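For reference, the structure is listed below as structure tokens.
The values are calculated or read from the model by the stated rules, or taken from the named source; none is laboratory data. Computed from a predicted structure; not experimentally measured. Note that each Cβ is placed from the backbone with ideal geometry, even for glycine, and that neighbours are counted across all protein chains shown.
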Amino acid sequence: MHGGAGLRFYRYLPYFYGYDIETSIICGTPKLKKFTDEDHNADWLQYQDGVLVDEIISEKAKILKYKIPGSGAKQRSRVLLEKAIDFCSQQATRPDIIHIIAPMPFYVIGQLKKIKKLGVKLVYSHTIAKDFSNNAFLRLVQIWKIKQVYKQYDHILVQSNALKEIIKTISREAEITVIPNGVDVKKFSPIKNPQEKMQLRKSLALPVDATIITLVGAVHPRKGTHLLIEAWSLIVKEYPNLNLLLIGPRYDLQYSGLSNFKEKIQTLINSSNRESNIHLLGQKDQVDLYLKASDIFVFPSEREGMPNAVFEAMSSGLPVVLTSYLGLSEEQGVANEHYLLADRSVDSLRDNILKLINDQSLYNQLSASSRKWILNGMTIKQSAEQHARVFYSCTNS
């Protein structure tokens, strides 16, 4: 499970088991753009689409992983939904609910209707704000298609009121519940003391005495990677010990359409004269350790749902700088109390980062308040309980 949504719901499984919810997961092989080194060397690459490549049965869940196309939302969704239909068609395995966590294209409405005809409820998690066309006609067509898909869902889950309002503009009839993301507050917790941070940095091959800014997310224009690199390149002239960690897949290296973007960020890095201070680490499994080893978290995205990385950073006690991305709402904290809100510009990012570097009182206040915010309403247990309530209400309606 490479995507944020998949990883998040996988973490809910132990809690679902505690609510007497039996879970099966039907998933597919990843998109080509999200392949890890392990995926590139995997045995399943030779299989035909639709073949079961892995089956894991544990106390928490049964996981069925199928080979599906490496690209093309239409083809990927169709193959995976056919497997879901097969699963629902068997009396022994027919579930009460299918919980969909990926956007379904217009072309699969027929398959969604087949599942509903089998008496299975459909719950959908809308996890990111949709980017509609600027062309008025195309925008209307996009909205109409999404509305037809949403009509198939018995319930829609969103992480914020901002996303709820977006869905309401598409489909006023939709049954919607707001459930903020859940964070594993034990795993993502503050470092205990400077000595522990020093040892952790040594183990991760990070500079021990540096000030470290971190961004977790794909290297991509939407994530604002270039803006952060440019802001860092300005600050590092005054603070030569400032390091930047970029954790996430290198989309700039994977897509020819991002070649100009790749050249831009490389030019920014080269012109900083501090190339050794920037670390493009790619995708990492132990993100919690890198957050513990960091000092400041910056997230200059353009459009999100409720990004896991931001709240894992807050739970880790890191002061956070956000830009006002599409999808940001009050469930995600209060500006200047739980995070600093910057304009999506290089100068604003630079100024807000400098505030944290130069004002220890502000740094400490944000560090404490952000962790408290997560503990008070965004733990995995709280989120899983709210999901369980929705599932039970659907089966009893």
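Against the test of being under 30 Å from Lys372 (Cβ atoms), assigned by TED's automatic domain parsing to the domain that holds Ala368, β-branched (Val, Ile, Thr) and surrounded by fewer than 16 Cβ atoms within 10 Å (Cβ to Cβ), the options Val216, Val208, Val298, Val310 yield a single qualifying residue, Val208.
When the test is whether a residue is farther than 30 Å from Lys381 by Cβ, surrounded by 14 or more Cβ atoms within 10 Å (Cβ to Cβ) and at pLDDT below 90, Ala73 passes it. Considered as a group, the residues in region 11-22 that are out of contact with any Asp or Glu (no Cβ under 8 Å at 6 or more places or on another chain) and surrounded by fewer than 17 Cβ atoms within 10 Å (Cβ to Cβ) include one that is farthest from Met378 (Cα to Cα), and that residue is Glu22.
Any chance region 320-338 includes a residue that's in contact with a Lys or Arg (Cβ under 6 Å, 6 or more places away or on another chain) and surrounded by fewer than 19 Cβ atoms within 10 Å (Cβ to Cβ)? Yes; the residues of region 320-338 include at least one that is in contact with a Lys or Arg (Cβ under 6 Å, 6 or more places away or on another chain) and surrounded by fewer than 19 Cβ atoms within 10 Å (Cβ to Cβ).
Could you please tell me which pairs satisfy a Cβ distance under 7 Å, a separation of 6+ or placement on different chains, a first residue in region 107-123 that is closer than 10 Å to Val149 by Cα, and a second residue that is assigned to a loop (DSSP other than H, G, I, E, B) and at pLDDT below 95? Once the first residue is closer than 10 Å to Val149 by Cα and sits in region 107-123, its partners that are assigned to a loop (DSSP other than H, G, I, E, B) and at pLDDT below 95 give Leu112/Met104. All of (1) crowded, with 16+ Cβ neighbours inside 10 Å; (2) modelled with pLDDT of 95 or more; (3) assigned by TED's automatic domain parsing to the domain that holds Tyr325; (4) more than 14 Å from Pro300 (Cβ to Cβ) hold for Pro249 with one exception: (2).
Pairs are defined by a Cβ separation below 6 Å, a sequence spacing of at least 6 or placement on different chains, a first member in region 34-52 that is assigned by TED's automatic domain parsing to the domain that holds Lys83, and a second member that is of a type in the set (Phe, Trp, Tyr); the pairs so defined are Leu52/Tyr66.
Being under 22 Å from the mean Cα position of the chain (by Cα), modelled with pLDDT of 85 or more and closer than 26 Å to Asp96 by Cβ is a description that applies to Tyr12.
Within region 199-216, identify whether any single residue is within 26 Å of the chain's Cα centre (by Cα), modelled with pLDDT of 95 or more and assigned to a helix (DSSP H, G or I), and answer yes or no. Among the residues of region 199-216, at least one is within 26 Å of the chain's Cα centre (by Cα), modelled with pLDDT of 95 or more and assigned to a helix (DSSP H, G or I), which makes the answer yes. Each residue in region 252-309 was checked for being of a type in the set (Gly, Ala, Ser) and either in contact with a Cys (Cβ under 7 Å, 6 or more places away or on another chain) or under 29 Å from Leu200 (Cα atoms) (or both), and 7 pass.
In region 344-397, the qualifying residues are those that are among the charged types (D, E, K, R), more than 18 Å from Leu228 (Cβ to Cβ) and touching a residue at least 40 places away in the same chain (Cβ under 8 Å), and the one that is surrounded by the most Cβ atoms within 10 Å (Cβ to Cβ) is Arg371.
For every residue, the table says whether it meets (1) assigned to a helix (DSSP H, G or I); (2) under 22 Å from Glu302 (Cβ atoms).
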{"site": "Leu349", "(1), (2)": "yes, yes"}
{"site": "Asn364", "(1), (2)": "yes, no"}
{"site": "Arg371", "(1), (2)": "yes, no"}
{"site": "Ile374", "(1), (2)": "yes, no"}
{"site": "Val390", "(1), (2)": "yes, no"}
{"site": "Cys394", "(1), (2)": "yes, no"}
{"site": "Ser397", "(1), (2)": "no, no"}
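Filter region 37-81 down to residues that are of a type in the set (Lys, Arg) and touching a Ser or Thr at 6+ places or on another chain (Cβ under 8 Å) and give me whichever is nearest to Pro105 (Cα to Cα).
The qualifying residue nearest to Pro105 (Cα to Cα) is Lys67.
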